[in-house]
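Following: one structure in structure tokens, then a few remarks.
The values are calculated or read from the model by the stated rules, or taken from the named source; none is laboratory data. All of these numbers come straight from a predicted model, not from anything done at the bench. Quick reminder, even Gly has a Cβ in these numbers, built from the backbone with ideal geometry, and neighbours come from all protein chains shown.
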Amino acid sequence: MRNITIGAMVCAMAMATPATAQSVPDDVRCFVLSNAFAKQAKDAGGRQLAAASMAFYMGRLDGRADPKTIAENVRRVGAAIDPKAAGALMSACANHMGRSEQALQTAIRALAPKK
């Protein structure tokens, strides 16, 4: 079995799919929504999906912005979320996370030894 390095996976992922541009405020919006849905979802599956989404966006933010910038965006973006649009926005966030997960899985499969 071949050893696969993190660098090789990242390179393969970059070649497999184009990067999805998303700003820090977009990631903060998804983080805030995920946090709210993780606390308020009525079913366990919904809570788990929201918690996974929250972790995904926290990781994106950790690599892209300092804590002060994130906090400023949480105040600004979080206050601007229309509760009537929250469900559709959360769906878009979860879809983005799903596309990223799929791209990574595709890249990893591409690196697997051929049988």
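Quick rundown of the values:
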item: Matching residues, the stretch 17-35, being of a type in the set (Gly, Ala, Ser) and modelled with pLDDT under 95; result: 19, 21, 23
item: Any hit, the stretch 103-113, residues being loosely packed, with under 15 Cβ neighbours inside 10 Å, more than 20 Å from residue 58 (Cβ to Cβ) and β-branched (Val, Ile, Thr); result: yes
item: Matching entry among 84, 115, 68 (being outside any helix (DSSP H, G or I) and more than 18 Å from residue 26 (Cβ to Cβ)); result: 115
item: Neighbours by Cβ (under 6 Å, 6+ apart or cross-chain): first from the stretch 66-92, within 12 Å of residue 37 (Cα to Cα); second of a type outside the set (A, V, I, L, M); result: 90/37
